[in-house]
Amino acid sequence: AQTVTQSQPEMSVQEAETVTLSCTYDTSESNYYLFWYKQPPSRQMILVIRQEAYKQQNATENRFSVNFQKAAKSFSLKISDSQLGDTAMYFCAFMKSSTGANSKLTFGKGITLSVRP
Amino acid sequence: GAGVSQSPSNKVTEKGKDVELRCDPISGHTALYWYRQSLGQGLEFLIYFQGNSAPDKSGLPSDRFSAERTGGSVSTLTIQRTQQEDSAVYLCASSLTQLGNEQFFGPGTRLTVL
């Protein structure tokens, strides 16, 4: 079974600064996908960024980038130039990619990020 | 286009009653998922539908929980004889195909069992 660990329950960052959210996972799979989802107070889960494990290059989406360390099973999210609208709960998630696998997401416990004005 | 919709947004019920939660996925999405989000357990997978295949029910916590998906579109999650520990936010998601694709989430139904 897969597990996803987000050890920091809360973080705070000043507007315009950079913050890194940590995530580690455990799996025996060699191929998989990793995701970061954002959940603002509205409850709507929104995909932030996605990484395919077979790709060595770290994914980037505008101000969001990841540091994917496959050997260390680490998948951290870096938010640059933090904005007030980034205030939300962030979830790290894992999905198997083996043929016939259930494509369910396994989530970490989440981290609450507050951006201070 | 329209996203995933869920109804009701909030549901308060008494212990022992049955409840039905509805999910309308994005049109054309073949995969549909139900998750439960609670304070103590975080986000947990409940059930997964893919096209006309038999659903994966491996995440359902007890036989009081069931779900169906009619015509490959709308899904209903039913909880019978609700208990206080069923109080949670129930999230539905859909995606185009299986592996690796983004799952689009609905706004959830907050269930409170008194």
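Applying Stokes-Einstein at 20 °C and 1.002 mPa s to the Kirkwood radius of segment B:5-107, computed over alpha-carbon pairs, gives a translational diffusion coefficient of 155 µm² s⁻¹.
Ranked by the mean number of other Cβ atoms within 10 Å per residue, highest first, peptides A:51-60, B:8-17 order as A:51-60, B:8-17.
Quick one: of A:LYS109/B:LYS17; A:LYS70/A:LYS109; A:LYS73/A:LYS104, which pairs are farther than 24 Å apart, Cα to Cα?
In this structure, A:LYS109/B:LYS17 exceed 24 Å between Cα atoms.
Temperature 10 °C, viscosity 1.306 mPa s: under these conditions the Stokes-Einstein estimate for chain A, based on its Kirkwood radius over C-alpha pairs, is 110 µm² per second.
Taken one residue at a time, the phi angles of segment B:60-77 give Karplus couplings (6.51, -1.76, 1.60, θ = phi - 60°) of 5, x, 7, 6, 7, 9, 8, 8, 9, 9, 8, x, x, 10, 4, 10, 10, 9 Hz. Gly and Pro are set to x. Measuring nothing but how far apart in sequence close Cα pairs (under 8 Å, 6+ apart) lie, relative to its length, chain A scores a relative contact order of 37 percent. The charge dipole of the protein assembly as shown, taken about the Cα centre with unit charges on the Cβ atoms of Lys, Arg (+1) and Asp, Glu (-1), comes to about 140 debye, rounded to the nearest 20.
Read-outs throughout are calculated quantities, based only on the coordinates presented, and are distinct from any laboratory measurement. As the structure is a prediction and not an experimental result, all values here were calculated from the model. All Cβ positions, even for glycine, are placed from backbone atoms using ideal geometry, and neighbour counts span all protein chains on display.
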